[in-house]
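Peer 1: The structure under discussion is supplied below as structure tokens; questions concerning it will follow.
The values are calculated or read from the model by the stated rules, or taken from the named source; none is laboratory data. These figures come from a predicted structure and were not determined experimentally. Cβ atoms come from the backbone with ideal geometry, glycine included; neighbour counts cover every protein chain shown.
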Amino acid sequence: MATVAEPMLAHKHEPEENYLTCSSGFLSWAMTLDHKRIGVMYLFAVTASMLLGGVFALLVRIELLTPDKTLMDHNTYNHMFTLHGAVMVFLFIIPSIPAALGNFILPVMLGAKDVAFPRLNLASFYLWVAGAIFFLMAIAMGSLDTGWTFYTPYSSSVISGSQAGGIVAAVFGAFILGFSSIFTGLNFIVTVHTLRPPGMTWFRMPLFLWALYATSVIQLLATPVLGITLLLLILERTLGIGVFDPALGGDPVLFQHFFWFYSHPAVYIMILPAMGIISELIATFSRRHIFGYRFIAYSSIAIALLGFLVWGHHMFTSGQSPLATVIFSALTFTVSIPSAIKVFNWLATMYKGSISLATPMLYAQSFIFLFTIGGLTGLFLGTLAVDIHLHDTYFVVAHFHYVMMGGTLIAFLGGMYYWWPKITGKMYNELWGAIGCLMVFVGFNLTFFPQFMLGSQGMPRRYYTYLPHFQGYHVISTIGALVLGTGIGVALATLLWSLWTGRKAPANPWGGVTLEWTCSSPPPLANFEKTPTVGDPYDMEQVKWDAKTESWIPRPVSERTGNSASH
Amino acid sequence: MSEHSSHSAASHEHGFAHPMPVPMLLAVFASLIFFTILTVVLNGAVPDFLELPVAMLIATIKALLVMLFFMHMVHDKLFNVFAFLSSVIFLGLFIISTLVDTGVNQPAIKEYRLTTPLVAPVQK
Amino acid sequence: MSTATADLAGGHAADGHGAHGHSADGHGADPHGHAHHPFHAHHFDSLEQQFDSGKLGTWLFLVTEILFFSGLFVAYVIYRTTHPEIFEWGHVHLNKYLGAINTAVLIFSSLTMAWAVRAAQLGQKKLLVTMLWITFACAGAFLVVKYFEYSHKFHLGLLPAGMFNPVMAEPVAGHDATGHGDAHAAGGHATGHAADSHDVIHGPPPPPGAGIFFSIYYAMTGLHAIHILGGMALIAWLAVRASKGHFGPTYFGPVDYVGLYWHLVDLIWIYLFPLLYLIH
Ligand SMILES: [Cu+2]
């Protein structure tokens, strides 16, 4: 593999073959060990899941247009919001950036030929597929209406009859998806540790890699706890082990501890890779060395570790002991420090930079705006007295959508636009890219900002009906959701359209100086023909715009003014 | 293959294996069996409040023997050892933080049980 | 999980190379293994780098295993703290001697596994194969003992909480719990008792929620037993590869990785044994 000698083409700068063209046929994809192809398969799979989860979301929003029945009865509605949450969390957000974009980019950015365990990587993908199949089975078997959190005792003993099979299938699906996530994280950690080429020291790693590394640490430490939690839940349903079921003497709140020991850190599995992408986008499109490199790198690790200390903030109103409540509230505030460090460093990077507003940068700007709102409203919820009022209201819904969707989904789209030329070798249409981004931004705020109002006025989450005076906000929110859905459609269509009409992408269309921009677009099967030389990943002096080829090319050392790493 | 047990230049000439000497393996095995017998014998022979601490202490000594010698930690990279031991830290975090919160719900659970029939009645 | 371990351990074989005919020579021409070792995967620069990656991956996998078991340990600690009485009632029905025998069996299997790793590192093919099959046999013996323990408890109705239905002896006046229950309640001791005394439970009736003890017992030992089964599959796979002469001083990774996994299974049992069998 990949050792095809090309003496005839030695004069050419680009290899004739790339990872897309080197082999063909169904099996060449289904059995591939190439991290790039696996990444592309993930990209399709998670995007399809996002669309599925999005359809559920739109159905929920349309139902909430009126206080009474609009589309569906209350039982169907309960299924819809559960499926929306479960599909989005387990099938889309968690694997989105690490497994799809990360799989493609991490080895290339690192200067490696592949991840450390290519077969395990493929196995992770098929575990994802198996988990997704179980989710589909759950939908077919009567669906589930527990909410994505599967809280006991409702999930363990109340539900019976036709839905009983659905919940076991869904829980087992999530269990399998957990192992997919664990093995991806394990693979990434080992890759970063052992496959760095000479010169790629820890502090020459791009910040996206730091973010993926921190994410992998969480995946490794937290996800097994989800595994055992879901396994115990299945045993509770099938054998009645009584650990969570109060009818047998168990403690249902214990389930919440188990669940959130994973699921709060999982929030950082979702947001840390997004932050990593933003660091790359901000530096590249500001043409400035990233400000506070080490602070951003360390803050990723800090978030990963602090994230394990705060899970009890989901249980302030669950009958948790006052002592635990106070401790968890205090610790929750500490997480805001490393998050804010990142935001300040991004702003400082842009300051006096020469900013170009290409589509990925538009997404990065949206991210900073939306994530800041999401983060700050999180402080309200971490405050004990305020949370008593806001808990389980639309305020919470709005808060985590600003973080999860305004953060992760926006960064995912931004990253997809940024690396699309690298992945496919095609340039997309900038105008339509910008239109899509604008629609997503406007639609998002229309959808979720009114929900802050709803929540602060006491509208509970997950309710099928509501008091008539809430209807105005709900109507705005639903209209926003339709705009948002259309925006995502435009964004994805723009990318797909480029496959047919796009101009051929140069190796470096954006002027990025991380290693993935040194190999051709799309990269050859082995990524690099010869081991790349590694420099400062944010020294923008290393490249210059070449109008003739409409791409960025290496700047000869003699032309460089100085060491911009001193910023 | 020599029986060297340190990262010497010699170890690089011969690869990266660190075979454990057979006498050491046997000695570790003998100690593990000894501690197993000890913990069974001590069961019921120490005051009640010491029962669990003593049993856990012996188990931990055994675990250390297994890790250091059978699992070659003495020759392993520091990061591997650190990574493995970090799991114990997170296990401790999980146990302690959850323990802080127990007890609060017990009266409510007890009341619930008294008012709700058991799934499997106890045969007397 | 166990199949994934196999994947991890076996994931290095280079594609498109034959997997036999190789005999490990103790002093390869190239100390860094550049040359064409049949199991040298293309994306690693050297066999040592490949080994280090596999080793780190294995350690990280063990981390996930410990955290996978962590939930059961938490459940144990919580219920032992809040309901000590169910542990005091329940442990009487576990046979600590069978537990100790199983502990010894597992420790012995750890010894033979560690010895197998040594044999692989030294290229002692015959010894390696022998040690692996001994380890395999010990694992099987462990499961056989476990089978007898389980079936005895099923018989007595000592089942997880939802199905907990202990078969109690008719209370005899003046004959309540004398001394320690494990002398007559637990299986395996027929001395001096009527035959039917094994089919019923003597002593005080179970406290409310006693089934949770058995839930935790079955969950912990059951998950552990599943890991034993997975380990047996891995060890058998190693033994087959070993008899083909795959392992030697520059390529013994899979034996080492499975060894680590096997010692972890032992390690967990080292804690399970006193926690479940030696309560007083
Ligand atoms: Cu949280």
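Peer 1: From the list A:F259, A:F328, exactly one residue is within 14 Å of chain C (Cβ to nearest Cβ), assigned to a helix (DSSP H, G or I) and either within 12 Å of the ligand (Cβ to nearest atom) or aliphatic (A, V, I, L, M) (or both). Which is it?
Peer 2: Residue meeting the stated conditions: A:F259.
Peer 1: Now for a separate question. Looking at A:G276, A:G227, A:G250, A:G185, which one is modelled with pLDDT under 95 and away from the ligand (no atom under 16 Å from the Cβ)?
Peer 2: So the residue among A:G276, A:G227, A:G250, A:G185 that is modelled with pLDDT under 95 and away from the ligand (no atom under 16 Å from the Cβ) is A:G250.
Peer 1: Tally the residues that are within 19 Å of the chain's Cα centre (by Cα) and farther than 23 Å from A:L305 by Cα, restricting the search to segment A:329-366.
Peer 2: Of the residues in that region, 8 qualify.
Peer 1: Moving on to the next point. Name every residue in segment C:232-241 that is among the aliphatic types (A, V, I, L, M) and closer than 11 Å to C:W133 by Cα, in order of residue number.
Peer 2: The answer is C:M232, C:I235, C:A236, C:L238, C:A239, C:V240.
Peer 1: Can you say whether C:A236 is part of a helix (DSSP H, G or I), away from chain A (no Cβ under 14 Å) and of a type in the set (G, A, S), as far as the supplied structure shows? Before you say what the answer is, go through the steps one by one.
Peer 2: On the way: part of a helix (DSSP H, G or I): yes; away from chain A (no Cβ under 14 Å): yes; of a type in the set (G, A, S): yes.
In short, yes.
Peer 1: Among the residues of segment A:287-311, how many are within 11 Å of the ligand (Cβ to nearest atom) and outside any helix (DSSP H, G or I)?
Peer 2: Residues in segment A:287-311 being within 11 Å of the ligand (Cβ to nearest atom) and outside any helix (DSSP H, G or I): 1 in total.
Peer 1: Among (1) within 16 Å of the ligand (Cβ to nearest atom); (2) farther than 26 Å from C:L60 by Cα, where does A:T284 come up short?
Peer 2: Looking at each condition in turn, A:T284 falls short on (1).
Rundown of residues vs (1) more than 29 Å from A:I271 (Cβ to Cβ); (2) within 27 Å of the chain's Cα centre (by Cα); (3) aromatic (F, W, Y); (4) more than 9 Å from every other protein chain (Cβ to nearest Cβ), yes/no style:
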| position | (1), (2), (3), (4) |
| --- | --- |
| A:I218 | no, yes, no, yes |
| A:I228 | no, yes, no, no |
| A:L231 | no, yes, no, no |
| A:L248 | yes, no, no, no |
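Peer 1: Within segment C:246-261, work out how many residues are of a type in the set (S, T, N, Q) and under 15 Å from the mean Cα position of the chain (by Cα).
Peer 2: Adding up the residues that qualify gives 0.
This table checks each residue for (1) surrounded by 15 or more Cβ atoms within 10 Å (Cβ to Cβ); (2) in contact with a strand residue (DSSP E or B) (Cβ under 6 Å, 6 or more places away or on another chain); (3) within 7 Å of chain C (Cβ to nearest Cβ).
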| residue | (1), (2), (3) |
| --- | --- |
| B:F29 | yes, no, yes |
| B:F35 | yes, no, no |
| B:G44 | no, no, yes |
| B:L50 | no, no, no |
| B:F69 | yes, no, no |
| B:H72 | yes, no, no |
| B:L93 | yes, no, no |
| B:N105 | yes, no, no |
| B:T115 | no, no, no |
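Peer 1: While we're here: Is it the case that segment C:68-79 has a residue that's more than 17 Å from the chain's Cα centre (by Cα), surrounded by fewer than 21 Cβ atoms within 10 Å (Cβ to Cβ) and more than 18 Å from B:V66 (Cβ to Cβ)?
Peer 2: Yes, segment C:68-79 contains a residue that is more than 17 Å from the chain's Cα centre (by Cα), surrounded by fewer than 21 Cβ atoms within 10 Å (Cβ to Cβ) and more than 18 Å from B:V66 (Cβ to Cβ).
Peer 1: Which condition does A:H391 not pass, out of (1) within 14 Å of the ligand (Cβ to nearest atom); (2) within 14 Å of chain B (Cβ to nearest Cβ); (3) in contact (Cβ under 8 Å) with a residue 60 or more places away in the chain, if it passes all the others?
Peer 2: (2)
Peer 1: Among (1) in a loop (DSSP other than H, G, I, E, B); (2) within 12 Å of another protein chain (Cβ to nearest Cβ); (3) not hydroxyl-bearing (S, T, Y), there is one condition C:E88 misses while meeting the rest; what is its number?
Peer 2: The failed condition is (1).
Peer 1: Return a yes/no flag: does segment C:164-174 have any residue that is in a helix (DSSP H, G or I) and either in contact with a helix residue (DSSP H, G or I) (Cβ under 9 Å, 6 or more places away or on another chain) or crowded, with 21+ Cβ neighbours inside 10 Å (or both). Write out each step before concluding.
Peer 2: So in segment C:164-174, the residues in a helix (DSSP H, G or I) come out as none.
Checked against the condition, which is being in a helix (DSSP H, G or I) and either in contact with a helix residue (DSSP H, G or I) (Cβ under 9 Å, 6 or more places away or on another chain) or crowded, with 21+ Cβ neighbours inside 10 Å (or both), segment C:164-174 yields no hits at all.
Peer 1: Another question, then. Can you tell me how many residues within segment A:208-255 are β-branched (V, I, T), over 30 Å from A:F412 (Cα atoms) and free of Cβ contacts under 8 Å to residues at least 60 places away in the same chain?
Peer 2: Of the residues in segment A:208-255, 2 are β-branched (V, I, T), over 30 Å from A:F412 (Cα atoms) and free of Cβ contacts under 8 Å to residues at least 60 places away in the same chain.
Peer 1: Output the residues belonging to segment B:29-50 that are more than 22 Å from C:I107 (Cβ to Cβ) and in a helix (DSSP H, G or I).
Peer 2: Result: B:D48, B:F49, B:L50.
Peer 1: Would you call A:P360 away from every other protein chain (no Cβ under 14 Å), within 16 Å of the ligand (Cβ to nearest atom) and buried (at least 17 other Cβ atoms within 10 Å of the Cβ)? Outline the logic, then answer.
Peer 2: Details: away from every other protein chain (no Cβ under 14 Å): yes; within 16 Å of the ligand (Cβ to nearest atom): no; buried (at least 17 other Cβ atoms within 10 Å of the Cβ): yes.
For A:P360, the condition - away from every other protein chain (no Cβ under 14 Å), within 16 Å of the ligand (Cβ to nearest atom) and buried (at least 17 other Cβ atoms within 10 Å of the Cβ) - is not met.
Peer 1: Return the residues of segment A:275-306 that are within 17 Å of A:S263 (Cα to Cα) and crowded, with 24+ Cβ neighbours inside 10 Å; say none if nothing qualifies.
Peer 2: A:I303, A:A304 - these are the residues of segment A:275-306 that are within 17 Å of A:S263 (Cα to Cα) and crowded, with 24+ Cβ neighbours inside 10 Å.
Peer 1: Does segment A:312-320 include one or more residues that are away from every other protein chain (no Cβ under 14 Å), touching a helix residue (DSSP H, G or I) at 6+ places or on another chain (Cβ under 6 Å) and within 12 Å of the ligand (Cβ to nearest atom)?
Peer 2: no
Peer 1: Just one of the numbered conditions (1) modelled with pLDDT under 95; (2) more than 16 Å from the ligand (Cβ to nearest atom); (3) in a helix (DSSP H, G or I); (4) of a type outside the set (S, T, Y) is not true of A:A211; which one?
Peer 2: If we test A:A211 against (1) modelled with pLDDT under 95; (2) more than 16 Å from the ligand (Cβ to nearest atom); (3) in a helix (DSSP H, G or I); (4) of a type outside the set (S, T, Y), just (1) comes out false.
Peer 1: Checking A:F125 against (1) in contact with a Phe, Trp or Tyr (Cβ under 8 Å, 6 or more places away or on another chain); (2) more than 14 Å from every other protein chain (Cβ to nearest Cβ), which single condition isn't satisfied?
Peer 2: With respect to (1) in contact with a Phe, Trp or Tyr (Cβ under 8 Å, 6 or more places away or on another chain); (2) more than 14 Å from every other protein chain (Cβ to nearest Cβ), A:F125 is out only on (2).
Peer 1: Which pairs turn up if I take residues in segment A:174-195 that are at positive phi and look for partners that are surrounded by fewer than 24 Cβ atoms within 10 Å (Cβ to Cβ) with beta carbon separation below 8 Å, at least 6 apart in sequence or on another chain?
Peer 2: Matching pairs, first to second residue: none at all.
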